[in-house]
1. How long, wide and thick is region A:1-116, going by the Cα atoms along their three principal axes, in whole angstroms, largest first?
2. Sort A:Thr34, A:Thr18 so the one with the fewest other Cβ atoms within 10 Å of its own Cβ comes first.
3. Report, in deg cm²/dmol and to the nearest 500, the calculated mean residue ellipticity at 222 nm for chain A, where each DSSP H run with n ≥ 4 adds -39500 (n - 2.57) and the sum is divided by the residue count.
4. Kindly provide the helix-only [θ] at 222 nm of chain B, computed as the sum of -39,500 (n - 2.57) over DSSP H runs of four or more divided by all residues, to the nearest 500 deg cm²/dmol?
5. Within 10 Å of each Cβ of B:173-180, how many other protein chain Cβ atoms are there on average?
6. If each residue of separation counts as 0.36 nm, what is the full-extension length gain between B:Ile131 and B:Gln180 once their alpha-carbon separation is subtracted?
7. For peptide B:185-198, what's the mean number of Cβ atoms from other chains within 10 Å of each residue's Cβ?
8. With the Cα gyration tensor of region A:221-270 giving a ≥ b ≥ c as the square roots of its eigenvalues, does the rule (a/c under 1.5 for rounded; else a/b larger than b/c for prolate; else oblate) give rounded, prolate or oblate?
Amino acid sequence: AAALKANPSPFSPDEALTPEKDVTNYNNFYEFGTDKGDPAANSGSFKPTPWSIKVDGMVASPREFGIEELMAFPLEERIYRMRCVEAWSMVIPWIGFPLAKLLDKVEPLGSAKYVAFETVLRPDQMPGQAGFFQPLQWPYVEGLRLDEARHPLTILALGLYGKTLQNQNGAPVRLVVPWKYGFKGIKSIVKITLTDKQPPTTWNISAPTEYGFYANVNPAVDHPRWSQATENRIGEGGFFGGSRRKTLPFNGYGEEVASLYAGMDLKANF
Amino acid sequence: MTVIPAIPALPRKYHGASVWALYAVGFIPAVFGFYLGATGQLPGDAIKEFEHLLGLWALRYLVATLSITPLRDLFGINWLRYRRALGLLAFWYVVMHFATYMILDKYLDFPTIVADIARRPFITIGMAGFIMLIPLALTSNNWSIRRLGSRWNRLHKLAYVIAAAGAVHFAMSVKVVGPQQLIYIGMVMVLLLWRPLRPRFNQWRRAQIGRPSFERAR
């Protein structure tokens, strides 16, 4: 990972950062294996350069963005809480830029209502995508409503801890939506498509009763197999660090994003 | 006449000591895992990692317990003397697994724990396995075997249900059932299926070679 410069941003909570070794060694990235240590261990042969993202669908000017163009957006450091659907959390200093700035460049049509994302498919470089056992359908796909995608908190991240992303964190470019469970933050993106239909999402296809399209962090809606009321903050000193804390609605970003869901039943749209 | 070569037998005078050695070695994963977790050396979610480590070893000891009989039937390896230790190790690992869940994971928040056990099928199944293990652990002594006679054998057939519950609990606990869960389910299935096949196999082998060779090897 190379050094990456960024400007500070106002989106920075007064919370201790999760140690870099935990952020880069405790990952869910099933393309490299299902254990938390697999992504760091098995992503060595993945090639994050050259890279480009194709942006198409309901846009006036579809085009591709090379990684150099993405790096040329004004980059900010955004310190966000990250709440995994498995009831653990981290605080991560991302480097990136608002997705809205990229969407502006392709001029979404008035008919576009959703944004669909797709991860790269490279079975030769991603061992989880190859072989007899495939934990999920590939490529990994995710989606947001257009207003969620345009929200100022939603970023495309190119780095963390002052460096470009490591392969296990979704190099070279990934989505970060801090008020949603971590699995919405699709990694190693190659395609972004504007559409008028709610796009399919990988975990929803895999287990529709457990993972919804919205996947907003919500302590009042349990996962069928575990409670979402509390979370364990990673990297706070082993067993006795007192690291279990209450989970906040929208992961603590309710003031900024709750209005997006005004009038919606968030229990039905989990 | 086929003679199955007997593996070198441990001299009888070491039998007792070897059982105690098994207990000592058997607790190493828990002790080492606890040390790593307490000193902040388990990666990521240390409590969950430790909880899963204990659960996995409990399942391993259950599988090992159920393997003793087929090992003897098929290969003439008589490790019956280790079966009680393996079963009790499984029991103590389940106790530690549940204690970790209750104390370290849930901070003794009993309403949540009770709700978990009642409402979440994989936890209900795991808990049922734990409860069934308790009478088996309590009767894992010579006095109970003498006292209960043939009822002891019937009671300890619960081990089959417990192992199945353990494997299902493991498979249902993960987000995606992968090779590791399938391997444990497969092992438990094979070990359980062996039980109804066993009398016929032993009869067939007696007809082939007179008596099982290991009986003569003693």
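1. Sorted largest first, the three principal extents are 42, 35, 30 Å.
2. Ordered from fewest to most neighbouring Cβ atoms within 10 Å, A:Thr34, A:Thr18 come out as A:Thr34, A:Thr18.
3. Details: 7 runs with 37 residues, N = 270.
Result for chain A, helices only: -3000 deg cm²/dmol.
4. Numbers: 11 runs with 164 residues, N = 218.
So the calculated ellipticity at 222 nm is -24500 deg cm²/dmol.
5. Working: counts 2, 3, 15, 9, 2, 7, 5, 3.
Average neighbour count from other chains, rounded to a whole number: 6.
6. Numbers: separation 49, 0.36 × 49 = 17.64 nm, distance 2.51 nm.
Gain on stretching B:Ile131 to B:Gln180: 15.1 nm.
7. Working: counts 0, 0, 0, 0, 0, 0, 0, 0, 0, 0, 0, 0, 0, 0.
The mean count of partner-chain Cβ atoms within 10 Å per residue comes to 0.
8. On the way: a/c = 4.58, a/b = 1.85, b/c = 2.48.
Here region A:221-270 falls in the oblate category.
Computed from the coordinates by the stated procedures, all read-outs in this text should not be read as laboratory data. Keep in mind that what you see is a predicted model, and the values were worked out from it rather than measured. Backbone-built Cβ (ideal geometry, glycine too); neighbour counts: all protein chains shown.
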